[in-house]
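Every read-out reported here was derived from the displayed coordinates using simple, explicitly stated rules and does not represent laboratory data. What you see is a predicted model, and the numbers here were worked out from it, not measured in a lab. Because the Cβ atoms are built from the backbone with ideal geometry, glycine has one as well, and the counts that use them run over all protein chains shown.
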Amino acid sequence: MIKQFLDSPQSWQITLANAIHDPKELLALMELDSYPQEISKSIERGFSLRVPHSYVARMKKGDPNDPLFLQVFPLAIEDKTDPSFSLDPVGDLTATTVPGVLQKYIGRVLLITTGACAIHCRYCFRRHFPYTEHHAVKNYWREALQYIAQDSSIKEVILSGGDPLVLSDNRLANLVQKLEDIPHVKRIRIHTRLPIVLPERINESLLYWLANTSLQRVIVIHTNHANEIDQNVVSVLRKLSDIGCYLFNQTVLLRRINDEVDTLVNLSERLFEVGVIPYYLHMLDKVQGAAHFEVDLIKAQSLYKKLRAQLPGYLVPLLVQEQAGAPNKLPLFF
Ligand SMILES: *Cc1c(COP(=O)(O)O)cnc(C)c1O
Ligand code: SF4
């Protein structure tokens, strides 16, 4: 399946380069010029504001409580330290086997392909991850592939990051081709938020290599609110499922964003309407700077009970908590 793709800047790369970084610009676009909130210092310490214009277009103007706006706007409250929130809440640093490879669970490994994302979600559990030492693209590609080739129990390779789809199609096609050469690898899984936040990324060249690999393909998107799913998103999700990708979604349970049962019901219904199965509903990972997004366990369980009463079982995502050292993501049964 070797095919060289254009190396000239693609339109999605230009759109990404034009993403908004300045909180004042975002406030102006949101028609919130007199918004009194102070801005977090974290944006100067490596976790900047970043949001593509098309995502801002889906926000309700003039509404400081818009659920999309709240996911990306760096409030000063992020700077408050909370002793129960850490820099590496899910033990990613200790689960690192070779640089760029995380293996926590049997049968699947996760590749940190890049540290970059098209959007910066303020609750991100990897907001402090030292990507420059870890991402697998440049120096460690070979080592990561060797690691996978040596362990025949690995059936699935998860491309993660950051967001793997910010890499060029040449790089991705190349990686996938090397994975195809490893006989025990049966499928690739792509953890990406780009079909949601930068749908134009799902372009012809991406669809080409994705359609032409012999590996099975699973795509796990990340969306937290039905308002994120507009017509452009619907259209690229259809293209992905038309070429035979299995589509799932993960959501993070977030205070003021989706911590109401109607919001979660709407999200599941909307996902199914557009061909995506709800997979996980994650409890927030306790990363420093994200404490104000936390939904406590009692509230989460009560919400979940109502969710299960309102939806068919196949539209109820599994409520899970990631725990460092555990053999899988822990379902929160009650
Ligand atoms: C979440 C995660 C996975 C995937 O877990 P599934 O339950 O298979 O979705 C794999 N590896 C790592 C390191 C993870 O954090
Ligand atoms: S897209 Fe995912 S990895 Fe990127 S900032 Fe958002 S939550 Fe973090």
Checklist entry - What's the angle, to the nearest 10 degrees (0 to 90), between helix 261-273's Cα axis and the longest principal axis of the chain? => result 30 degrees
Checklist entry - Okay, helix-only estimate at 222 nm for the chain: each DSSP H run of n ≥ 4 adds -39500 (n - 2.57), divide by all residues, round to 500 deg cm²/dmol; what do you get? => result -8000 deg cm²/dmol
Next on the checklist: Taking θ = phi - 60°, what integer Hz values does the Karplus form 6.51 cos²θ - 1.76 cosθ + 1.60 yield along segment 98-113, in sequence order, with x for Gly and Pro?
Outcome noted: 10, x, x, 10, 10, 10, 10, 10, 5, x, 9, 10, 10, 9, 7, 7
Next on the checklist: Tell me whether the chain comes out rounded, prolate or oblate; compute the Cα gyration tensor, take square roots of the eigenvalues as a ≥ b ≥ c, and use a/c under 1.5 as the rounded threshold.
Outcome noted: rounded
Checklist outcome for this item: Least to most buried among Leu303, Leu240, by other C-beta atoms within 10 Å and fewest first, runs Leu303, Leu240
Item to check | Centre separation in Å (Cα based) which lies between segment 112-127 and segment 270-334 | outcome: 20 Å
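If each residue of separation counts as 0.36 nm, what is the full-extension length gain between Lys186 and Lys155 once their alpha-carbon separation is subtracted? Intermediate results must be reported in sequence, preceding the final value.
On the way: separation 31, 0.36 × 31 = 11.16 nm, distance 0.53 nm.
So the extension gain works out to 10.6 nm.
Among the GluC sites (Glu not before Pro) in segment 243-332, which ones are in a DSSP loop with at most 16 other Cβ atoms within 10 Å of the Cβ? Mind listing them? Spell out each step's value before the answer.
Details: sites: Glu260, Glu269, Glu273, Glu294, Glu322; in loops: Glu260, Glu294, Glu322.
Here the sparse-neighbourhood loop sites are Glu260.
Order these by the 10 Å Cβ neighbour count, fewest first: Lys41, Lys60.
Lys41, Lys60
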Checklist outcome for this item: Here the relative contact order (percent) of the chain, from C-alpha pairs under 8 Å and at least 6 apart, is 18 percent
